[in-house]
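Visitor: Structure in structure tokens, see below.
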Amino acid sequence: MKLVVTEKNIAAQKIADLLGVGKPKADKVYNTPVYRFERAGEEWVTIGLRGHILEPDFMPSIVYSKKDGWQGVNAEGEVRPANIPDFLPKPPFKTKRKPFTADGVQMGAWKMDALPYLAYAPIEKLPKEKDIIRSLKNLAKKADDIIIATDFDREGELIGSDALSCIKEVNTTAPVSRARYSAITKEEITHAFTNLVALDENLAQAGESRQDIDLIWGAVLTRYLTIVKFAGYGNVRSSGRVQTPTLALIVARERERMAFVPEDYWVIKAGFAHNADEFEATHATARFKSEAEANAVMAHVEGATKGTVTSIEKRKRTVAAPVPFNTTSLMAAAAAEGLSPARTMRIAESLYMDGYISYPRVDNTVYPESLDLAGTVKRLSDVPAYRPYCQELLKKGTLTATRGKKETTDHPPIHPTAAADPDKLGGPEWKLYNLIARRFLATLSDAAVVEGTKVTVDVNGEPFVTRGDVLVKPGFRAIYPYGLKKDEQLPALDEGMTVDFKGATCTKKQTEPPARYSQGKLIQEMERLGLGTKATRHAIIERLYTVKYIQNDPIEPSQLGIAVCDALGRFAPQITTPDMTATLEEDMDGIANGTKTRREVVDLSRDILNDVLRELLPHSEEVKEALSDAVAADAYVGPCPKCGKDLQLRASSKTRSMFIGCAGWPDCDVTYPLPKGKIEAVEEKCPTCGMPQIKVTAFRSKPRIMCIDPNCPTNQEPDVVVGTCPTCAAKGLNKKLIASKNPRTLKRFIRCENYDECNTSYPLPQYGELIATEEVCEHCGAPMVVVKTARGPWKLCPNFNCPGKEKEAEEKEAKAAAKKGGSKAKSATAKKASSKKATAK
DNA sequence: GCAAGGTC
């Protein structure tokens, strides 16, 4: 039996489809899907991994061994003294509560003193995907031939090498080879499997050195930042080779903005009309530095009614066709169409797996010679919307493509590999496919020619200028309309013509500081600097959000983010710049081509980290204070009305829910409840009562500003009678249901006015104007209410257990299932979920 | 309780 190991399940499936004679048989080995088929009279089976199946970690198995446990050595080779506690987070035995030593130190807690030893701790590879490993070994036992068919890149080689090490544990004799492909198409796959090569162990070692270095630096610095000012479990302050330089970019931009001194300037715009056409023009001096100058111009044109067209300049310019897509340029272009980087990658992955586009994680922007451009255009002509354009292109005979700056040979730039049907793909899938297909055709097209027109109109000696753009030769723009300003048509004007002057306005403006990064821009900047990979950049940015180093979009750093960046910049500058990645890349190239060893590269990195610790540890007090101040500044909402100390956003240690508490606790017991959603401090005080205000952003809602004091009149709401109580009505009583706000917690809900005897109550959305209706829910008899939200009025039955709710949920699920193609497995799980819900109730 | 890199 021949065993083919791929990086992911869907690749295993596709490869089986392409290599097998007839349809492969989908099977399972311990819950892992595998695909069996026949080829040239032999039995084959493919299995997909889930990316990396092993994960590096410090050696827990050895650290806790009592007999000859690893004690740890530092740079000098000194053995870790007994008075420095173990540094690994897991206690050696299973227990719910973490054990304490006699002096109250929590065992297993991270220890500052142990960090220099951690920098030299040995690393081993532990299983990460145990189920997959078990299935892989089971198959490997029976295999006569092993073919590693993971992705064709450095991490792919490492994933394959890890898989092989698992296989070797159970089968040492079967010969091993490597299939290399860069698109899952019939040609590529057949070619790869008829031209098998050997696994590149050097390349895999290069990948492993990256893993080691990332773990060592990440663990040491993250632990340092977390424990230098411990803020409770769950409050990790992370640092890493990619995330910290990325944070530094954001902080640096914020610094530029803070240092920016805005300058005033004045802009004069004038309105003109010619026959029925109106147009606007700006004074030839685009920005007046002084108000006096601007006023002088306004005085010159005061009272004028006519202007004269003094010149019309026309200039043609060519706009070059765009270059082929790589991951970053695709993400940027898709972001402009409303698809976030993360979403774009998810969709691209599925389009790739379904054979519509080539491999989506690439840097390359130059089509390889082997790519059949004309053949691809022919294939695309099956899409009705592209057909006429494709035919035009094919008429040209030879096709020449534009070339981007980056040229690598692992994968071709992202291009379509098959025609797609807009009715078969989902909306966003088609949107992305359409972008990719049109971009591909655009890269084979001529430049566009635009005629720019500059018209100057004179009013009492003051020149006003307006510009228009007209497309004279569409070129690539005929197929690629993305990212363009609309043509700006000007009325037909001639030199010497007189036009009506409709008056001028002078506006005072200020120069703007450099803009904050948007997520899309930051990803582009990360790519430019070589930070992260196309597959990880969006995840890195998300990480910075979850550890609260950054907030909002466009991105601004928190005080904590700035403090972390400053502290590391002073004492561990290596981790704050992209240079570390650049050096690592060079070293990895060295390992891949055999001039360096992984051992040598990792050991050197450990030494550098040790030097960093020598700087960092003596300055711990300073770092601690800087972090404390920053955390307090981020949490600050205003002064305490009782004791004057700081009111802060805090998390309850028991429930983890947020509240506002006084920094003077336990001496001062002032607290305020908080509504659900994201909470931010706001500078402006409540106009009604002068207390601090907060910005609340509930899930899928617009942010709203509210006073923190529940007793403030702005937080009061009159009780609303919403109907009659169905429970009491059944007993023959006539009682009203009332919507009211609990004055202490601000929670709004409906309850029966007879609440001493009747416990009928319904929850309500917590904000939005509440309006009673005459209607009663057809399913449960509860009164229907209308809540006016930012997205418009919303009529609902407040009864949480209303039978109508379940029906609605089922319909929604059915709809979602139908959209996804309604696979049997899907609807089965949906049913299970809904029945689970029902039992829970 | 750590990183970054794959994939889900």
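Visitor: Where residues in region A:142-190 are within 32 Å of the chain's Cα centre (by Cα) and part of a strand (DSSP E or B), which of them is nearest to DNA strand B (Cβ to nearest atom)?
Guide: A:Ala149
Visitor: So A:Met258 clears everything in (1) within 16 Å of A:Leu627 (Cα to Cα); (2) open to solvent by 20 Å² or more (accessible area, probe 1.4 Å) except one condition, right? Which one?
Guide: (1)
Visitor: Got at least one residue in region A:117-130 being among the β-branched types (Val, Ile, Thr) and open to solvent by 10 Å² or more (accessible area, probe 1.4 Å)?
Guide: Yes - at least one qualifying residue is present in region A:117-130.
Visitor: Now for a separate question. So how many residues does region A:201-226 have that are farther than 30 Å from A:Val547 by Cβ and within 16 Å of DNA strand B (Cβ to nearest atom)?
Guide: Matching residues across region A:201-226 total 3.
Visitor: If the requirement is being at pLDDT below 80 and either over 30 Å from A:Glu556 (Cα atoms) or not aromatic (Phe, Trp, Tyr) (or both), which of these qualifies: A:Gly664, A:Gly638, A:Gly644, A:Gly677?
Guide: Only one candidate passes the filter, namely A:Gly677.
Visitor: Let me ask something else. How do the pairs read when you match residues in region A:514-529 that are of a type in the set (Lys, Arg) with residues anywhere that are in a loop (DSSP other than H, G, I, E, B) and buried (at least 18 other Cβ atoms within 10 Å of the Cβ), using Cβ under 8 Å and keeping only pairs 6 or more apart or on different chains?
Guide: A:Arg516/A:Ile555
Visitor: Can you find, within region A:439-493, the residue that is nearest to A:Phe272 (Cα to Cα) among those that are open to solvent by 70 Å² or more (accessible area, probe 1.4 Å), at pLDDT 85 or above and out of contact with any strand residue (DSSP E or B) (no Cβ under 7 Å at 6 or more places or on another chain)?
Guide: Out of the qualifying residues, it is A:Asn460.
Visitor: How many residues does region A:35-50 contain that are open to solvent by less than 20 Å² (accessible area, probe 1.4 Å) and near DNA strand B (Cβ under 8 Å from one of its atoms)?
Guide: Qualifying residue count, region A:35-50: 2.
Results for (1) in the same structural domain as A:Arg704 (by TED's automatic domain parsing); (2) assigned to a strand (DSSP E or B); (3) at pLDDT below 75; (4) open to solvent by 60 Å² or more (accessible area, probe 1.4 Å), shown as yes or no for each residue.
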site	(1), (2), (3), (4)
A:Ala729	no, no, no, no
A:Thr745	no, no, yes, no
A:Ile750	no, yes, no, no
A:Cys758	no, no, no, no
A:Tyr767	no, no, yes, yes
A:Val785	no, yes, no, no
A:Ala817	no, no, yes, no
A:Ala833	no, no, yes, no
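Visitor: Output the number of the condition that A:Pro710 fails; it satisfies all remaining conditions of (1) open to solvent by less than 20 Å² (accessible area, probe 1.4 Å); (2) farther than 30 Å from A:Met658 by Cβ.
Guide: (2)
To keep it simple, each residue is scored yes or no on (1) at pLDDT 95 or above; (2) within 16 Å of DNA strand B (Cβ to nearest atom); (3) farther than 17 Å from A:Gly218 by Cα.
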position	(1), (2), (3)
A:Pro513	yes, no, yes
A:Met526	yes, yes, yes
A:Leu531	yes, yes, no
A:Ala535	no, yes, yes
A:His538	no, yes, yes
A:Ile541	no, yes, no
A:Tyr549	yes, yes, no
A:Asp553	no, no, yes
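Yes/no per residue for (1) within 30 Å of A:Gly503 (Cβ to Cβ); (2) more than 10 Å from DNA strand B (Cβ to nearest atom); (3) open to solvent by 40 Å² or more (accessible area, probe 1.4 Å):
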residue: A:Phe230; (1), (2), (3): no, no, yes
residue: A:Ser238; (1), (2), (3): no, no, no
residue: A:Ala273; (1), (2), (3): yes, yes, no
residue: A:Ala276; (1), (2), (3): yes, yes, yes
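The values are calculated or read from the model by the stated rules, or taken from the named source; none is laboratory data. All values derive from a computational prediction rather than experimental measurement. Cβ coordinates were reconstructed from backbone atoms using ideal geometry, including for glycine residues, and neighbour counts include every protein chain displayed. Protein only, heavy atoms only, side chains kept; ligands, DNA and RNA dropped before computing areas. Shrake-Rupley method; radii C 1.70, N 1.55, O 1.52, S 1.80 Å.
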